[in-house]
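Laboratory data are not the source of any read-out in this text; all were calculated from the coordinates shown. In this text, all values refer to a predicted model and were calculated from it rather than measured experimentally. Cβ atoms come from the backbone with ideal geometry, glycine included; neighbour counts cover every protein chain shown.
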Amino acid sequence: MKKPVIETIAYKAIKILFDMLALIPPTAGEKIALALSKIWFALDKRHKNVAIENITHAFGDQMTSYEINRMARKTFFYAANMLFETPRAYTWKPDDLSKHYTIKGFDHLKAAHTKGKGVLMVSGHFGNWEISVQLNNLSGLQCCGVYRKLDFLPMEKYFHEKRESTGSRLYPLKGAAQATFRELRLGNCMCLLIDQNAKRHQGVFIDFLGRKACANTGPAHLALAMDVPVIPYFFVRENGKYRLEVLPEIPVIKTGDMEKDILVNTQNFNRVIEDIIRRYPDQWFWIHNRWKTQPLTD
């Protein structure tokens, strides 16, 4: 059987699977996710250790080992539950969004958008970041984003289609710079998740949750080059719903010293993510090896 045929069959199977998952009620989905997360936590020693180590470094002086272990388990549960939450969110109609979302701080985004320069929106892998696919309908603005392509093409095709099905435009990370500039020049919102580990040549070292972390400098370069307002946003889980929390504009520091400005702005952007993590520590994706890249030692 030829590869295109196999990929077509795989795509249809994936679509059927996720369409079925979308039909599972939230309570039942949570029960299944809890069972799956317990199995995952028991078998996946590598990611379990990453989560526990990350939480220990960040909160070890405030939490007991039992509390750290419990938070790590909750991280696995939230990740497993995204299997049900995400396809369900794809099916929600614009008129029904108030049943699932509340919004706090929208005036910050509205004020930034009225400047007419476009808006750089920054967030992280927090809450359920995938449900941001409804951001267009929630805000009434054209919101676009950059994402990392999946290696398995049928899965990539499915998620790309679904992510754009609510009106957003999504661009693969590789080669996204031109599209990003274009969208901002049109006055649109460009959403970036900026909390993942960066390779040494792509980033600068900042303070993040008590440790040096390598953060991508792209957002700071973009904010400085385009002179656009920077707005943080997060989707927070809250009492069975999701709260879109939009925070005040982050001032972009521009002194003329490019190297210093990149470092300071990158630190400031990430500090907002650190603050939201400290407010809701169980909702961040602790499984990711955020501190993988470390400064060189003599």
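In terms of packing, defined here as the mean over residues of other Cβ atoms within 10 angstrom, the peptides 121-129, 139-147 line up highest first as 121-129, 139-147. Net length available on complete extension from Gln178 to His221 is 14.1 nm, with 0.36 nm assigned per residue and the Cα-Cα distance removed. For the chain, the share of DSSP beta bridges that are antiparallel, to the nearest 5, is 40%.
Using C-alpha pairs below 8 Å separated by at least 6 residues, the relative contact order for the chain is 24 percent. In summary, the lysines within cross-link reach of Lys2, defined as a Cα separation below 30 angstrom excluding same-chain residues under 8 places away, comprise Lys12, Lys15, Lys149, Lys157, Lys162, Lys174. In segment 20-105, the C-alpha radius of gyration followed by the widest Cα-Cα span (Dmax) gives 16.0, 46 angstrom. Summary value for segment 18-79: 44 percent relative contact order, contacts being C-alpha pairs under 8 angstrom separated by 6+ residues.
Cross-link partners for Lys99 among the lysines, with Cα-Cα distance under 16 Å and sequence neighbours closer than 8 places in the same chain left out: Lys241.
Screening the chain for whole DSSP H helices of 24 Å or more along their axis (Cα) with average Kyte-Doolittle hydropathy at least 0.0 returns 3-23, 26-43. Here the contact order of segment 35-126, divided by its residue count and restricted to Cα pairs under 8 Å and six or more residues apart, works out to 26 percent. Loop-located chymotrypsin sites (Phe, Trp or Tyr not before Pro) in segment 8-70 (DSSP state not H, G, I, E or B) with no more than 11 neighbouring Cβ atoms inside 10 Å do not occur. For Tyr242, nonlocal amide neighbours, meaning residues 5 or more places apart or on other chains whose placed amide H falls under 5 Å from its own, are Tyr101, Thr102. Look at the Cα gyration tensor of the chain: its axes a ≥ b ≥ c give a/c under 1.5, and that counts as rounded. What the Cβ-Cβ distance of Asp107 and Ala28 gives, at R0 = 41 Å and to the nearest 0.05, is a FRET efficiency of 0.65.
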